[in-house]
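Asker: Next up is a structure, given as structure tokens.
Nothing in this text is a laboratory measurement; each read-out follows from the coordinates by a stated rule. Model, not experiment: these values are computed from the prediction. Here the Cβ is made from the backbone with ideal geometry for all residues, glycine too, and neighbour counts use every protein chain on show.
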Amino acid sequence: MLLARKLKGWRDALHIVKPETLLKWHRHGFRLYWRQKTRHKGRKPRLEPETIALIKEMAVENRLWGAPRIRDELRKLGIKVSKRTVQKYMRQARRSLPPLNKSQTWATFLANHADEIWACDFVQIYDLFFRTIFIFFIIELGSRRVVHFNVTRSPGDAWVTPQLREATPFGVKPRFLICDNDGKYGSQFEALAENSGIDVIHTPVEAPKANAVCERYIGSVRRELLDHMLILSQRHRYHKVKEYVKYFNYAWPHQGIEGHLPIPERTVPLLMPPISQLRRIPVLAGLHHDYQWAA
């Protein structure tokens, strides 16, 4: 009644406003009322900055993961976050990233299957009388181990095919074998690989990075061996390459495998012996040295 006395003509206003509008106003006022009632001044954010940074890091480093996958990964760590919250920070983290290429890159393929991949190639050199000699080698990508090598003056399909057979005795074989498009890898080579269950992958034309491990090995052979001696004969070349391959496999720590040896046969002593017990074994007439602790 008090409101009616102060608001003259309120009955006329009821005829102008529809009942639906009045109910809408009431619902809106109800939301404002509870919003104001539940608001806390100076409320801390629900997530710590470290958790937000972790969500963004996971989103960037794992482009194939969706919000549920990241949420479950956080839950595994004892961090409870809703899927919507994860989506919010995922979008922020991936906003500046290029579109995801869902097809597998060549580098990713090599990294995922390195232990199942061998690669082969030729090194072409010349002897003292300028005659051509070819060094054929097969290397395992995962360990950087030289699986097989041989030397010839006349490479071809009929010569390369037995080399693959010698490199895979007793069923020891890779799943993939990388080689270039040289005619030396002919029909006989392809047939032997197929019968052995080996998938031969030919690299694209003029793409040395597709067979980068072999290219680096060829560079090492040239810098560490071939550039420092004259080749007298094919037999002479075979024995020098054999000594180099032994050094490469058993004594040379490789950066590509975090400083490990391709064929680790040594153990690091728990206590460092005195330097006087260090053996220095010359390799290739002192061109290199292998350092070992005396037994």
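Asker: For the stretch 185-266, list log₁₀ I(q)/I(0) at each q in 0.20, 0.23 Å⁻¹, using the Debye formula over Cα point scatterers of equal strength and ignoring solvent, two decimals each.
Answerer: -1.10, -1.09
Asker: For the stretch 107-257, with the dipole built from +1 on Lys and Arg beta-carbon atoms and -1 on Asp and Glu ones, taken about the Cα centre, which of G219, A158, V241 lies farthest toward the positive end?
Answerer: V241
Asker: Can you work out the base-10 log of I(q)/I(0) for the stretch 109-267 at q = 0.10, 0.19 1/Å, using the Debye formula on its C-alpha atoms alone?
Answerer: -0.36, -1.33
Asker: State, to one decimal in nm, how far the label point of R280 lies from the label point of K209, with both points 7 Å from Cα in the Cβ direction.
Answerer: If labels sit at R280 and K209, their model points lie 4.1 nm apart.
Asker: Simple spin-label model, 7 Å along Cα-to-Cβ: Q36 to Y291 in nm?
Answerer: 7.9 nm
Asker: Okay, next question. Which listed residue (I117, Q36, L177) has the Cα farthest towards the positive end of the charge dipole for the chain, taking +1 on Lys and Arg C-beta and -1 on Asp and Glu C-beta about the Cα centre?
Answerer: Q36
Asker: If you count the DSSP beta bridges with both ends in the stretch 109-267, what percent of them are antiparallel, to the nearest 5?
Answerer: Roughly 70 percent of the beta bridges in the stretch 109-267 run antiparallel, per DSSP.
Asker: To the nearest 20 debye, what charge dipole does the chain have about its Cα centre, counting +1 at the Cβ of each Lys and Arg and -1 at the Cβ of each Asp and Glu?
Answerer: Approximately 3980 debye in magnitude.
Asker: If you don't mind, there's one more thing I want to ask. As a test, work out the antiparallel percent of DSSP beta bridges whose residues both lie in the chain, rounded to the nearest 5.
Answerer: Close to 75 percent.
Asker: Also: Give me the dipole magnitude in Debye, nearest 20, for the stretch 49-94 about the Cα centre, with unit charges on the beta carbon: positive for Lys and Arg, negative for Asp and Glu.
Answerer: 280 debye
Asker: Give or take rounding to whole Å, what are the principal axis extents of the alpha carbon atoms in the chain, in descending order?
Answerer: Cα extents, longest axis first: 123, 57, 36 Å.
Asker: Pop a pseudo-label 7 angstrom from the Cα along the beta-carbon direction at both R27 and D227 and give the gap in nm to one decimal.
Answerer: Placing both labels 7 Å along Cα→Cβ, they lie 8.1 nm apart.
Asker: Moving on. Going down the list K37/K83; K24/K56; K37/K88; K184/K242; K56/K173, which pairs span over 31 Å between their C-alpha atoms?
Answerer: Those over the limit are K24/K56; K56/K173.
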